[in-house]
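**Q** Provided herewith is a single structure, encoded as structure tokens, for subsequent inquiry.
The values are calculated or read from the model by the stated rules, or taken from the named source; none is laboratory data. Not measured: the values here are computed from a predicted model. A quick note on method: Cβ atoms are made from the backbone with ideal geometry, for glycine too, and the neighbour counts reach across all protein chains shown. Accessible surface areas use protein heavy atoms only, side chains included; no ligands, DNA or RNA. Shrake-Rupley method; radii C 1.70, N 1.55, O 1.52, S 1.80 Å.
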Amino acid sequence: MSGIQNITLNEQDELIILDQTQLPNRLEYKTMRTAEDCYTAIKNLEVRGAPAIGIFAGYSMYILMKEHKNMAYNDFLSKAEETAEYLNSSRPTAVNLSWALKRMVSLIKEMKEDTTENILSSMRNEAIKIHQEDIAMCTKISEYGLTLIKDGDTVLTHCNAGPLATSKYGTATGPIFLGTERGMHFHVYSDETRPLLQGARLTSYELSKAGVDVTLICDNMASIVMKQRKINAVFVGCDRIAANGDFANKIGTSGVAVLAKYYGIPFYTLGPSSTIDFNTPTGDDIPIEERNPDEIKTMWYKEPMALKEVNCYNPSFDVTDHSLLTAIVTERGVVYPPFKENLKKLFEK
Ligand code: MRU
């Protein structure tokens with residue numbers, strides 16, 4: 001494992017992030033001081049990946065509320081609710097963001113009778129707990145994922161669901177990192193992931209640094225490597241899993257799922273149970289973030305690659321239908337169809 005820290009609360013109690021927009025060329029760290037810093041870091045994908053956004057939201061609430069330590073309880077709670085609402089408006093699709101923010105605000109509500117000093121100390125512990133829980137969840141997800149492949153296999157992945165998108169190991173590429181640590185050998189085809197190139201900039205970077213045999217391909221090459229029988233399994237992450245097993249992940253994921261079904265390749269999504277949203281009945285109910293067209297037209301080029309007047313549609317995520325999924329891998333176990341029933345059972349255990 002590369003051991004790169006994406007989110008840290010340092011010894012001075014400051015929140016530091018690795019600015020992922022600068023990878024793979026520069027390791028640049030940023031200190032988060034204001035609510036705007038935290039909002040912008042999420043919005044601009046300086047910190048990204050559903051679980052990492054949740055971890056970051058926990059720490060953000062703590063460092064931002066520290067500035068209001070002298071407020072009376074009611075004002076403190078109102079400020080926390082306002083801050084959570086503001087941060088939550090940064091990106092709509094990944095449920096981990098609202099999940100972590102709600103968890104921090106609920107804690108404040110539970111401590112109504114306590115001093116602000118004690119509340120802040122508990123908020124700090126809670127944020128660290130969210131982070132540590134994610135490490136434990138990713139480790140278990142990686143263990144379960146590893147049972148689905150064998151030494152020497154080749155896995156295709158889309159976007160980035162490794163350590164940079166989580167805490168440690170990651171979800172979709174977690175089994176690869178864990179297996180590699182144990183002396184196993186895997187080959188990974190990493191889709192570059194247009195338009196923001198998370199696969200090129202982040203996934204191939206992480207895997208390569210960890211000594212994994214990784215091959216970068218453009219998104220439209222997934223079909224040929226599947227047809228050539230180079231792929232044993234597809235592992236992708238998830239930003240929100242609806243109650244029926246439909247799930248949102250980076251734009252392009254559903255196309256990869258359709259291809260995998262056509263070529264008879266097992267297709268798995270891997271994510272923590274905090275990604276499962278029982279309040280979202282189906283994929284149609286998942287809000288899909290739309291981003292700036294410049295990410296397609298101009299962002300990576302010396303000159304614009306389309307005329308200014310050309311319309312552009314830039315949805316950041318798509319929804320994969322549960323019928324295309326072989327299984328969902330969580331820290332609680334591997335869930336097979338029928339997903340609606342079996343996802344519920346997962347929480348009854
Ligand atoms: O827009 P991004 O880079 O935040 O999108 C990330 C993904 O789609 C990941 O696959 C998902 O968040 C899971 S990360 C473990």
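**Q** State, as an integer percentage, the relative contact order of segment 7-138 based on alpha-carbon contacts under 8 Å between residues 6 or more apart. Walk me through the intermediate numbers first.
**A** Values: 158 pairs, mean separation 32.2, N = 132.
It comes to 24 percent, rounded to a whole number.
**Q** Treat each spin label as a single point 7 Å out from the Cα along the C-beta direction, and report the THR147 to ASP213 distance in nm.
**A** My value for the distance between the label points is 2.7 nm.
**Q** Solvent-accessible area of THR180, probe 1.4 Å, all protein chains present, reported in Å² to the nearest ten, please.
**A** It works out to around 40 Å².
**Q** When a/c is below 1.5 the answer is rounded, else prolate if a/b is larger than b/c, else oblate, so apply that to segment 88-212 with a ≥ b ≥ c taken from the square roots of the Cα gyration tensor eigenvalues. Please report the intermediate quantities before stating the final value.
**A** Numbers: a/c = 3.19, a/b = 2.02, b/c = 1.58.
Prolate, since a/c reaches 1.5 and a/b exceeds b/c.
**Q** Write out the trypsin sites (Lys or Arg not before Pro) in segment 243-326 meeting two conditions: DSSP loop, and at most 10 other Cβ atoms within 10 Å of their Cβ.
**A** Filter output for segment 243-326: LYS302, LYS308.
**Q** Given a cut-off of under 8 Å on Cα pairs at least six residues apart, what relative contact order in percent is computed for segment 181-266?
**A** Values: 88 pairs, mean separation 21.1, N = 86.
Taking the mean separation of contacting Cα pairs over the length of segment 181-266, I get 25 percent.
**Q** Set the Förster radius R0 to 51 Å, insert the Cβ-Cβ distance between GLN12 and LEU307 as r into 1/(1 + (r/R0)^6), and round the FRET efficiency to 0.05. Could the numbers behind the result be given before it?
**A** On the way: r = 49 Å, r/R0 = 0.97.
So the FRET efficiency works out to roughly 0.55.
**Q** Related question: Determine the shape class of segment 141-348: with a ≥ b ≥ c the square roots of the Cα gyration tensor eigenvalues, call it rounded for a/c under 1.5, and otherwise prolate if a/b is greater than b/c, oblate otherwise. Write out the running numbers ahead of the final one.
**A** Values: a/c = 1.73, a/b = 1.18, b/c = 1.47.
Verdict is oblate for segment 141-348.
**Q** Further, regarding this structure: Let me know the shape class of segment 198-257, please: from the alpha-carbon gyration tensor, a ≥ b ≥ c as square roots of the eigenvalues, rounded when a/c is under 1.5, otherwise prolate if a/b is greater than b/c, or oblate. Kindly include the intermediate steps, with their values, before the conclusion.
**A** Values: a/c = 2.07, a/b = 1.35, b/c = 1.53.
It comes out oblate by the Cα gyration axes.
**Q** Filter the trypsin sites (Lys or Arg not before Pro) in segment 41-136 down to the DSSP loop ones having no more than 12 other Cβ atoms within 10 Å, then list what survives.
**A** Working: sites: LYS43, ARG48, LYS66, LYS69, LYS79, LYS102, ARG103, LYS109, LYS112, ARG124, LYS129; in loops: ARG48, LYS69, LYS112.
Filter output for segment 41-136: LYS69, LYS112.
**Q** Taking DSSP loops as anything outside H, G, I, E and B, show the longest stretch in the chain free of chymotrypsin sites (Phe, Trp or Tyr not before Pro) there with at most 10 other beta carbons within 10 Å. Don't jump to the answer; show the numbers that get you there.
**A** Numbers: sites that count: TYR301, TYR313.
Looking at the chain, 1-300 is the longest stretch - no exposed chymotrypsin sites (Phe, Trp or Tyr not before Pro) with at most 10 other Cβ atoms within 10 Å.
**Q** Next up: Hey, what's the chain come to in accessible area per residue, 1.4 Å probe, Å²?
**A** With the other protein chains kept in place, the chain gives 44 Å² per residue.
**Q** Which percentage, to the nearest 5, of the DSSP beta bridges contained in the chain is antiparallel? Provide the component values of the computation, followed by the final result.
**A** Values: 17 of 36 bridges.
Here the antiparallel bridges make up roughly 45 percent for the chain.
**Q** Where does helix 253-263 land angle-wise versus the long Cα axis of the chain, in degrees 0 to 90, nearest 10?
**A** 30
**Q** Right, another one. Please work out how much accessible surface ASP37 shows to a 1.4 Å probe, ignoring ligands, DNA and RNA, in Å² rounded to 10.
**A** That residue has around 50 Å² of solvent-accessible surface.
**Q** Shifting gears a bit: Residue by residue, what Karplus-based ³J(HN,Hα) values in Hz, rounded to whole numbers, does segment 48-59 have, using 6.51, -1.76 and 1.60 with θ = phi - 60° and x for Gly and Pro?
**A** 7, x, 3, x, 5, 5, x, 4, 4, 5, x, 5
**Q** So, with a 1.4 angstrom probe, what is the percent of accessible area on the chain that is carbon and sulfur?
**A** Working: 7560 of 15400 Å².
Carbon-and-sulfur percentage of accessible area, whole number: 49.
**Q** Which of the lysines could be linked to LYS43 by a straight reach, that is with a Cα gap under 25 Å, when you skip same-chain ones fewer than 8 residues away?
**A** Answer for LYS43, where 25 Å is the Cα cut-off: LYS30, LYS66, LYS79, LYS102, LYS129, LYS168, LYS250, LYS297, LYS302, LYS308, listed by chain and number.
**Q** Identify the GluC sites (Glu not before Pro) of segment 2-38 meeting these criteria: DSSP loop state and at most 14 other C-beta atoms within 10 Å of the C-beta. Intermediate values should be presented prior to the final figure.
**A** Values: sites: GLU11, GLU14, GLU28, GLU36; in loops: GLU11, GLU14, GLU28.
Hits after loop and neighbour filter: GLU11, GLU14, GLU28.
**Q** What is the set of long-range amide H partners of ASN249 at a cut-off below 5 Å, with H atoms built 1.01 Å from backbone N?
**A** ASP239, ASP318, THR320
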